[in-house]
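Asker: Shown below is the structure under consideration.
The values are calculated or read from the model by the stated rules, or taken from the named source; none is laboratory data. Nothing here was measured: the structure is a model prediction, and the numbers come from that model. Glycine also receives a Cβ, built like all others from the backbone with ideal geometry; neighbour counts cover every protein chain displayed.
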Amino acid sequence: MEVDKKDEREAESSEQVVNPWEVSAKDGGKIDYDKLIDKFGCQRLDESLIDRVQRLTSRQPHVFLRRSVFFAHRDFNEILDAYERGDKFYLYTGRGPSSEALHLGHLIPFMFTKYLQEAFKVPLVIQLTDDEKSIWKNLSVEESQRLARENAKDIIACGFDVTKTFIFSDFDYVGGAFYKNMVKVGKCVTLNKAMGIFGFSGEDPIAKLSFPPVQAVPSFPSSFPHLFPGKDNLRCLIPCAIDQDPYFRMTRDVAPRLGYSKPALIESTFFPALQGENGKMSASDPNSAIYVTDSAKDIKNKINRYAFSGGQDSIEKHRELGANLEVDIPVKYLSFFLEDDTELEHIKKEYGEGRMLTGEVKKRLTEVLTEIVERHRRARAAVTDEMVDAFMAVRPLPSMFE
């Protein structure tokens, strides 16, 4: 029996780890998303749901939907049911401001959320968890608040509609109705359950234990009485990366006990590091990521030097065998950011069969990412402190449901 238990523990420790603070695969390999779906109990986004989005919005689904970047969901079908009946919903997403500069992986949920806001014409709340980063990253409260405003500028630069968007910092906003909901959630979650969901231990500061309700309650409309007065039954849809799922499993468990609808989720894969598809980019390694502050020269150098190639080690061998597209990072990045489906399929076919070389694929990726980063940098430069104040002002949104 003891041997069996030991084997079981060793098997668990060698499995992939995916939670809000750590993403790692077995033996440094790829994340197995099918296993994650089974473990978390969410559902895969299928073609019928994507087709339905197109029919309801009368516009082509976002590239992140078409290419399964957003690949899993919880109750997204119910959100579409409600929308088809004429019932509105609101969007909620967030950012933990732990660094001054964002990389492309950080932008993915905001690019997709902007599409959802425009396609469904619905309001949006964006939470800046400056309190969380102060706790987990050991930043001062003042530095976390400063980073929150800096990150807000990058978020605003994605093109959100100020008349339908409320951005808030936890340090600034938590209180009143929001805090009441936090206490209600906190009373429903035992210490044992929190430790089971989030892996907290006796060595963690108690501030960590108090944080999950903070991330939970933006999915309840009564947390925003200035936005949704009398609309306590309004449904919420949360676009996020799948590592945030534990927070919302907890939220969905307690919501009915508090008289609220369960929030729905639409969840993304992770944007891989340049060095290979073994989890998320690392903010601690600047060469693992393309940052929105990188120059055109930086982008070119990083892609040429660090982007892991599935091409062969000689031209002759490459012409004969072609590239391994499963491990090739330039193709993976193009599948995220190259809008043209026909061009992407052409590159994959030519490269996979050896007619296109790694250098050609990296050159095209450099062009695509340079354009995205330079466009973002121009947009961010136009964001003033007054614009940040406007997005973060506690006020009704005049065209919220138009």
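Asker: Look at the range 124-139 and say how many of its residues are outside any helix (DSSP H, G or I) and in contact with a strand residue (DSSP E or B) (Cβ under 8 Å, 6 or more places away or on another chain).
Answerer: Total satisfying the criteria: 6.
Asker: Which fully enclosed helices (runs of 4 or more DSSP H) of the range 182-232 have 1 or more residues being under 30 Å from Thr163 (Cα atoms)?
Answerer: In the range 182-232, 212-216 are the helices (runs of 4 or more DSSP H) which contain 1 or more residues that are under 30 Å from Thr163 (Cα atoms).
Asker: Do any residues in the range 161-184 that are touching a residue at least 40 places away in the same chain (Cβ under 8 Å) and closer than 23 Å to Arg252 by Cα have Cβ atoms under 7 Å from those of residues that are part of a loop (DSSP other than H, G, I, E, B) and hydroxyl-bearing (Ser, Thr, Tyr), where the two are at least six apart or on different chains, and which pairs are they?
Answerer: Matching pairs, first to second residue: Asp170/Thr129.
Asker: Now for a separate question. Within the range 61-72, can one find any residue that is surrounded by 16 or more Cβ atoms within 10 Å (Cβ to Cβ) and in contact with a Cys (Cβ under 7 Å, 6 or more places away or on another chain)?
Answerer: Yes, the range 61-72 contains at least one residue that is surrounded by 16 or more Cβ atoms within 10 Å (Cβ to Cβ) and in contact with a Cys (Cβ under 7 Å, 6 or more places away or on another chain).
Asker: Might you check whether a residue that is of a type outside the set (Val, Ile, Thr), over 27 Å from the mean Cα position of the chain (by Cα), surrounded by 12 or more Cβ atoms within 10 Å (Cβ to Cβ) and within 26 Å of Tyr115 (Cβ to Cβ) occurs anywhere in the range 322-339?
Answerer: Looking through the range 322-339, none of the residues is of a type outside the set (Val, Ile, Thr), over 27 Å from the mean Cα position of the chain (by Cα), surrounded by 12 or more Cβ atoms within 10 Å (Cβ to Cβ) and within 26 Å of Tyr115 (Cβ to Cβ).
Asker: Could you check Lys137 against (1) crowded, with 18+ Cβ neighbours inside 10 Å; (2) in contact with a Ser or Thr (Cβ under 8 Å, 6 or more places away or on another chain) and say which number it fails?
Answerer: Of the numbered conditions (1) crowded, with 18+ Cβ neighbours inside 10 Å; (2) in contact with a Ser or Thr (Cβ under 8 Å, 6 or more places away or on another chain), the odd one out for Lys137 is (1).
Asker: Of the residues that sit in the range 141-158 and are out of contact with any Pro (no Cβ under 9 Å at 6 or more places or on another chain) and either modelled with pLDDT under 95 or assigned to a helix (DSSP H, G or I) (or both), which one is farthest from Ala379 (Cα to Cα)?
Answerer: Restricting to residues being out of contact with any Pro (no Cβ under 9 Å at 6 or more places or on another chain) and either modelled with pLDDT under 95 or assigned to a helix (DSSP H, G or I) (or both), the top hit is Val141.
Asker: In the range 51-102, what residues are among the aliphatic types (A, V, I, L, M), within 28 Å of Val217 (Cα to Cα) and outside any loop (DSSP other than H, G, I, E, B)?
Answerer: Val53, Leu65, Ala72, Ile79, Leu80, Ala82, Leu91
Asker: Would it be correct to say that Gly105 is under 14 Å from the mean Cα position of the chain (by Cα), at pLDDT below 95 and either assigned to a helix (DSSP H, G or I) or surrounded by fewer than 21 Cβ atoms within 10 Å (Cβ to Cβ) (or both)?
Answerer: yes
Asker: In this structure, does Lys302 turn out to be buried (at least 19 other Cβ atoms within 10 Å of the Cβ), charged (D, E, K, R) and either on the phi > 0 side of the Ramachandran plot or part of a helix (DSSP H, G or I) (or both)?
Answerer: Yes; evaluated as a whole, the condition is true for this residue.
Asker: Could you check the range 159-181 and list, in sequence order, the residues that are buried (at least 16 other Cβ atoms within 10 Å of the Cβ), of a type in the set (Ser, Thr, Tyr) and part of a helix (DSSP H, G or I)?
Answerer: Scanning the range 159-181 gives a single hit, Tyr173.
Asker: Restricting to the range 362-378, give me the number of residues that are under 15 Å from Ser295 (Cβ atoms) and among the aliphatic types (A, V, I, L, M).
Answerer: Residues flagged as under 15 Å from Ser295 (Cβ atoms) and among the aliphatic types (A, V, I, L, M) within the range 362-378 amount to 3.
Let's see how each residue does on (1) of a type outside the set (S, T, N, Q); (2) over 25 Å from Thr269 (Cα atoms); (3) surrounded by fewer than 18 Cβ atoms within 10 Å (Cβ to Cβ):
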site: Asp285; (1), (2), (3): yes, no, yes
site: Ser288; (1), (2), (3): no, no, no
site: Asp294; (1), (2), (3): yes, no, no
site: Gln312; (1), (2), (3): no, yes, no
site: Glu343; (1), (2), (3): yes, no, yes
site: Met356; (1), (2), (3): yes, yes, no
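Asker: Of the conditions (1) of a type in the set (A, V, I, L, M, F, W, C); (2) farther than 27 Å from Ser261 by Cβ; (3) buried (at least 18 other Cβ atoms within 10 Å of the Cβ), Phe211 clears all except one; give me its number.
Answerer: Going through (1) of a type in the set (A, V, I, L, M, F, W, C); (2) farther than 27 Å from Ser261 by Cβ; (3) buried (at least 18 other Cβ atoms within 10 Å of the Cβ) one by one, Phe211 breaks only (2).
Asker: Can you pull out the residues in the range 367-380 that are within 16 Å of Leu344 (Cβ to Cβ) and either modelled with pLDDT under 95 or hydroxyl-bearing (Ser, Thr, Tyr) (or both)?
Answerer: none
Asker: Moving to a separate point now. Just checking, does the range 368-391 include any residue being surrounded by 20 or more Cβ atoms within 10 Å (Cβ to Cβ) and more than 30 Å from Gln244 (Cβ to Cβ)?
Answerer: No, the range 368-391 contains no residue that is surrounded by 20 or more Cβ atoms within 10 Å (Cβ to Cβ) and more than 30 Å from Gln244 (Cβ to Cβ).
Asker: Would you check which residues across the range 184-242 are under 30 Å from Leu45 (Cα atoms), at pLDDT 95 or above and small (Gly, Ala, Ser) and list them?
Answerer: Answer for the range 184-242, where residues must be under 30 Å from Leu45 (Cα atoms), at pLDDT 95 or above and small (Gly, Ala, Ser): Ala216, Ser219, Ser222, Ser223.
Asker: Phe198 - would you say it is surrounded by 12 or more Cβ atoms within 10 Å (Cβ to Cβ) and touching a Pro at 6+ places or on another chain (Cβ under 8 Å)?
Answerer: Yes: the conditions hold for Phe198.
Asker: Only one of Arg380, Arg355, Arg375 is under 17 Å from Gln312 (Cα atoms) and basic (Lys, Arg); which?
Answerer: The match here is Arg355.
Asker: So, restricting to helices (runs of 4 or more DSSP H) that lie completely within the range 336-402, which ones have at least 2 residues that are free of Cβ contacts under 8 Å to residues at least 12 places away in the same chain and over 27 Å from Lys302 (Cβ atoms)?
Answerer: 385-392
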